[in-house]
Amino acid sequence: MTGETHIISALVANESGILSRVSGLFARRCFNIESLSTCATEDPKHQRMTIVVRGDASEIKQIVLQLGKLPACLMTGEISAAKAVMRELLLVKIKAKAKERAEIETVCRTYEAKIVDLSPDSVVVELTGKPSKIDGFIEVVEHYGILELSRTGLTAIERGGKILKSDENKTETV
């Protein structure tokens, strides 16, 4: 799928099978989910999903409308990257020979990353931030040798007073 990256946020019922129904909706429409993050909310009856996809504005509008039609989807909408706080978590295992450790520690300090595990031949580093910061860090440490990495996927929340909240008796699209 080509086009711009879009962030869709959905408030869904906390029930089994909801993740399958949402991902199935994207698959049926041939949308590749680049990142999907789901978590508990302040209300135990609800979960929040942050879905990152690529597409043009009309395709995204259609997918948001289709999401809103799912019975378990209480509210959905697109989040503007310019109006959002966005974060992602990275855990990366880097080859670390004794002579390179000081350099790796310097890179970590520069990116405000934490070394969370130290082994004789590797380090595990934790970093949170915007996806562009994560990408930049990966690019800088690649030449040491990345043994393994794991990214959580994007989570985002809109700045200001606008909230993703549901009136229990109706489904809304924002």
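The values are calculated or read from the model by the stated rules, or taken from the named source; none is laboratory data. Since the model is a prediction, treat every value here as computed from it, not as a measurement. Cβ: placed from backbone, ideal geometry, glycine included. Neighbour counts: every protein chain shown. SASA here: full protein model, heavy atoms, side chains in, ligands and nucleic acids out. Shrake-Rupley method; radii C 1.70, N 1.55, O 1.52, S 1.80 Å.
Rounded to the nearest 20 Debye, what is the dipole magnitude of the range 40-127 about its Cα centre when Lys and Arg each give +1 and Asp and Glu each give -1 at the C-beta?
Using only the charged Cβ atoms, the result is roughly 60 debye.
By its C-alpha gyration tensor, with a ≥ b ≥ c as the square roots of the eigenvalues, how is the range 1-47 shaped: rounded for a/c under 1.5, else prolate for a/b larger than b/c, else oblate?
Cα axes put the range 1-47 in the oblate bin.
Given springs between every Cα pair under 10 Å in a Gaussian network model of the chain, which of THR38, THR106, THR50 has the largest fluctuation?
Of the options given, THR106 has the highest mean-square fluctuation.
Hey, any idea what % of the range 1-81's accessible area is carbon plus sulfur with a 1.4 Å probe?
Answer for the range 1-81: carbon and sulfur cover 53 percent of the accessible area.
Relative contact order for the range 29-134: what is it in percent, counting Cα pairs under 8 Å that are at least 6 residues apart?
So the answer I get is 20 percent.
With the cut-off at 1.5 for a/c, could you classify the range 26-104 from its C-alpha gyration tensor as rounded, prolate or oblate?
Here the range 26-104 falls in the prolate category.
Can you give the local net charge around ILE146? Use residues other than it whose beta-carbon is closer than 9 angstrom to its beta-carbon, Lys and Arg +1, Asp and Glu -1.
Within the 9 Å Cβ shell, the charges total 0.
Multiply the residue gap between ASP121 and LYS95 by 0.36 nm, knock off their C-alpha separation, and tell me the result in nm, one decimal place.
Stretched out fully, the ASP121 to LYS95 stretch lengthens by 8.8 nm.
Rounded to the nearest whole Å³, what is the per residue volume of the convex hull around the Cα atoms of the range 1-157?
Output value, Cα hull per residue: 134 Å³.
222 nm [θ] for the chain, helices only, -39500 (n - 2.57) per DSSP H run of 4+, per residue, to 500?
-8000 deg cm²/dmol
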